[in-house]
Structures are given as C-alpha cells and as structure tokens.
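Report on the structure given below.
The values are calculated or read from the model by the stated rules, or taken from the named source; none is laboratory data. Small disclaimer: the values here were computed from a predicted structure and weren't measured. All Cβ positions, even for glycine, are placed from backbone atoms using ideal geometry, and neighbour counts span all protein chains on display. Just so you know, the surface numbers come from the protein's heavy atoms only, side chains and all, with ligands and any DNA or RNA stripped out. Shrake-Rupley method; radii C 1.70, N 1.55, O 1.52, S 1.80 Å.
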Amino acid sequence: MATGIGRQTPCALLLRTRPALNHALTSLANPSLFSARRLFSLSFSSSSLATNKQHKRGPQPILSLLEIGGVKIGKDDVVRENDPTNNVTDSIFSKIGLQLHRRDNHPIGILKNAIYDYFDANYGGKFIKFDDICPLVSVKENFDDVLVPANHVSRSYNDTYYVDAQTVLRCHTSAHQAELLRRGHSHFLVTGDVYRRDSIDSTHYPVFHQMEGVRVFSPAEWIPSGLDATSYAATDLKKSLEGLARRLFGAVEMRWVDTYFPFTNPSFELEIYFQEKWMEVLGCGVTEQEILRRNGRLDNIAWAFGLGLERLAMVLFEIPDIRLFWLTDKRFTSQFSGGQLGVKFNPFSKFPPCYKDMSFWINDSFTENNLCEVVRGIAGDLVEEVRLIDNFNKKGMTSHCYRIAYRSMERSLTDEEINELQLNVREQVQSKLNVVLR
Ligand code: FA5
Ligand code: MG
C-alpha cells in the first residue's frame, strides 16, 4: 500500500526499512559515521524560471553526468551500492534529468502548459513558474521546512530515496515552498519530477511529476469578505482547483475528501472517477501558519496544492497505465502534440498479461516497497502490478502470497522470458529480503 506524504503510520519508521539500511538508520544518531558532505549547492539558476519558449526535445541518452537547474550531478554521487545511507538504484538514476514536464509534445508537458494557461488567464499572469529546480534537496527542505514530524513514515528509507543521510531525491514539490516564500514570492507554480519508493500498479510509479501551487493573501484581501482568513483561503482554493478541473475535463465525476498533511490545515484531496475507481489526483489545503511565520509572512494566509500530473494526464488523454508515459516508442509519442488537449490515447494492440504467484514467510523487516524495488530492478517496466493476494499467520509466522503481473506495453512476451524473470525474482527476493520461499 502506498502511504503518501499525508498519512501517518505510527512507529512505522524504523520497522519498515530494508535490512541493510537498518544499520544506517540506527547509526543516524551518530553523525560522525557519515561523511556529512552536502553534494550539491541547491541554487536556483536563472534558467529555472520557465519561459514560454517552445523546447523541442527528443529522448535523451542516459548520461553519467547531468546538469539540472545549474546543478551538476554525477552518477557516482547519486548511486552508491555499498553505502548504507544510499538507496538510489540505477533505474532511478536513469530517470533523473529526463524532465518529461519540459517536453511540449509529451502528455505531461502538454498538461503543464494547459495548467499554466489556466492560471495565466485567471490571475493575470501573477503566478511565477519554476520547472527546472534540481530534484536533489536536503532532508531539511523536503521534510523539516514543511513541518513533517521526525517520526513520519515518509522520512523512512522504505519510502524515500536517500542520496546520503542529509540529501534525498525530493518526494514532493512541496520541498521548494519555504525557499520560494522566503524569497518573497506570493503566487507561484513549481513543476518537477519527484521520487518515491512505492507499490507497483497502473497508477503508481517511483518517478512521477507534480506541480505545486502556492498563493499568499494579505489581510486586505480577506477582511472585506467577512469570512475568517482560513475559510476565505479554503474557499478560494477549492474554487480555483474546481475551475481547473472543469477547464481540463469538462464534466467528469469528482469529489473532495478531507485528509491530513503536516503542512496544511484543513487539508483536502480531490478524487476523480477513472477506470471504475476513485483515483486521487491532488492534495491541497490552507498552509500551516508556522510555515508562513518562519518565512517572514506572519500576517498572511496562504493556500497550497500538489497536483499529480500523471494521474491528471491519465484522465485527460485516457492513458490506462502510468508506465506508458516513459515510452519512447513512436506509436506512443506521435499521438500527442503541443496544445492539443482533446486527443484520446489510442492503445496499440493490447498484449496479454502473464501472472506469476509467489509465497513466502516474511520477516520483521519485510516491506512491500522493498519487494517492489527488487521486482522492478529485474523486470523494469515489464512489471505491471505486484499485489498481495493472500496473507495468513501460522505458529507465529506470517505468510504472504504476491501475484506479479508481467505485461509489455510494446510487444508480446515469451513464456521463456517471463519464466526467467520470475526465476530471478524468486532468487533475489530470497537473497536480498531474507524471506523463506514456500
Ligand atoms: C503530496 O505530495 C503533497 N505534497 C501535496 C500537497 C501540496 C498537499 C501542498 C497540500 C499542500 P501526496 O503524497 O498525496 O501529497 O501526493 C500528491 C499527488 O501525487 C497524489 O494525489 C497523486 O496524484 C500523486 N502521486 C502520489 N504518489 C504517486 C505515485 N507513486 N505515482 C504517481 N502519482 C503519485
Ligand atoms: Mg495523497
């Protein structure tokens, strides 16, 4: 199950980490065990200000040295196999710098531009846009600055990709809220790639894209309304996001759900009915006063939201599986072009899935995210879903049975190929997760 940034599971932090990383976590109390180096100067380059320039970018080769938003990133700095403070994998590194949101002919880029247009039209161009801020951020920026409690599950090595004990691949664009508020911005949008260790299914992927929106109000704005500041901001927030949803989707079934985020109160999620289920597409709320106070906005009130761009694009373009966004296959990419919102994805013939079940006795450190990381490490995007289908206890031991669905987006898989993948998965699940296969 995905936990997300909002929900708090008590005591989950230390219990749900992979064995090799338990050491890192228990050692966190002793900073001298770590080279406390900060790898990256987290500067905002002037090019992080998005312009309306049309970028024409094709698929890019995987490089071992990247430059994003003026920050240089070497592969060896981000992926270090034998360092227990690091849990970034090669496949995650291969996604850094691809910036699907900056490709004007990609569904994610098309959607970003449509949302820009909505805010420009409704707020007279007041919202400043950032879409090239480096995804490597400090633990402080990702968590502390937005009041994520010290024991919140999202801080665990099980949920977040750590580059070292002080640096993570941002797990949400909220990591940039505090800095931008401090810089005096009152209306801003931040779009970027975000990274999470998560479950595997058609709406979850370990790298996805979010757009953060923040609007700060001064007392002169809410006082005439007769509403208290919080109700004023909450009403404006919902109105703004409902307007956006109507603009993008026209008539679509949606509902507001009350939720919890450490950085907003009240907090809400918007869900849209898609593929016969309610799908959560965004989180939002009225910014905690403490965040405004710390960043020099004592007398103000603000709202903030974080949109899941893949989820919205799935609804908009009728894209049934989140893995499709990463295809460089022309049969996918040629279907979309800049500014065209009305296009519906036309699936190239649907290839059959193949299901493989595996049962094992788990241990205390077993987590589904760790299992998914192992499966993805072997099968990559050929894995469509990893689902717990049976769970029982016997003599103090717990058995899990997972069903893995393999399916290529581009071609038919052979039995031989799948059997080999599954054999590898069984071996590595046993050796890396220390579970006992049944
Ligand atoms: C957040 O990330 C908050 N930072 C959002 C926010 C910002 C709330 C500002 C309040 C104020 P959450 O973990 O729910 O919240 O993620 C936000 C959205 O990202 C989700 O609604 C969903 O659309 C999308 N999302 C989350 N996990 C995944 C995933 N693994 N794959 C694809 N999309 C995801
Ligand atoms: Mg959520």
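Yes/no per residue for (1) open to solvent by 10 Å² or more (accessible area, probe 1.4 Å); (2) at pLDDT 95 or above; (3) not assigned by the TED database to the domain that holds Thr203:
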{"position": "Glu253", "(1), (2), (3)": "yes, no, no"}
{"position": "Val257", "(1), (2), (3)": "yes, yes, no"}
{"position": "Leu270", "(1), (2), (3)": "no, yes, no"}
{"position": "Gln275", "(1), (2), (3)": "yes, no, no"}
{"position": "Glu280", "(1), (2), (3)": "yes, yes, no"}
{"position": "Gln289", "(1), (2), (3)": "yes, yes, no"}
{"position": "Arg311", "(1), (2), (3)": "yes, yes, no"}
{"position": "Ile322", "(1), (2), (3)": "no, yes, no"}
{"position": "Thr333", "(1), (2), (3)": "yes, yes, yes"}
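If only residues of segment 274-285 that are more than 9 Å from ligand 1 (Cβ to nearest atom) and in contact with a helix residue (DSSP H, G or I) (Cβ under 9 Å, 6 or more places away or on another chain) are counted, the one that is nearest to Leu241 (Cα to Cα) is Phe274. The single condition among (1) within 16 Å of ligand 2 (Cβ to nearest atom); (2) surrounded by 24 or more Cβ atoms within 10 Å (Cβ to Cβ) that His176 does not meet is (1). Figure legend. Inter-residue proximity from segment 165-184: first residues hydroxyl-bearing (Ser, Thr, Tyr), second residues assigned to a loop (DSSP other than H, G, I, E, B), beta-carbon distance below 7 Å, spacing 6+ or different chains. Indicated pairs: Thr167/Arg38; Thr167/Leu39; Ser174/Phe263. With respect to being exposed (fewer than 14 other Cβ atoms within 10 Å of the Cβ) and over 28 Å from the mean Cα position of the chain (by Cα), Leu437 fits the description. The helices (runs of 4 or more DSSP H) falling completely within segment 298-390 that include 2 or more residues that are under 21 Å from Glu280 (Cα atoms) map to 309-317, 368-379.
Selection of segment 340-367 for residues being open to solvent by 70 Å² or more (accessible area, probe 1.4 Å) and closer than 11 Å to Pro107 by Cα yields Gln340, Lys344.
On the basis of being within 16 Å of ligand 2 (Cβ to nearest atom), in contact (Cβ under 8 Å) with a residue 60 or more places away in the chain and not β-branched (Val, Ile, Thr), does Phe261 make the cut? Taking the combined requirement at face value, the residue satisfies it.
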